[in-house]
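The structure appears below as structure tokens.
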Amino acid sequence: MSNKKIDKHSTNISFTKNQFKRYKKSKIENLPPTLEAFQKFKYNNPKKWEDMKRQYRLWKYNKPDESVAKIILNPVLTKK
């Protein structure tokens, strides 16, 4: 049995490659220019990655107003 540590970046390369292609079609601002840069961005910038995923969902589902999607994706719970 090998003692090599499995790198999740390399095991998900097929998924990431397809995801990168989908994101390129959406023409999202600040999308990393290469697959390698995209993969590093995903794993090294969690806050910015969440924002980019939100932008992609807005594009994919053609939401007319960005504020509507933010309310749905980030509900704020309040106490009574």
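Read-outs: derived from the displayed coordinates by stated rules, not from any lab. Bear in mind the structure is a predicted one, so any value in this text is a computation, not a measurement.
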Worksheet item: Using 0.36 nm per residue, how much length does the chain from residue 31 to residue 62 gain when fully extended, once their Cα-Cα distance is taken away?
Response: 9.3 nm
Response to the item:
Going through 21/60; 47/80; 48/80; 60/80 one by one, the pairs whose alpha carbons sit over 25 Å apart turn out to be 47/80; 48/80; 60/80
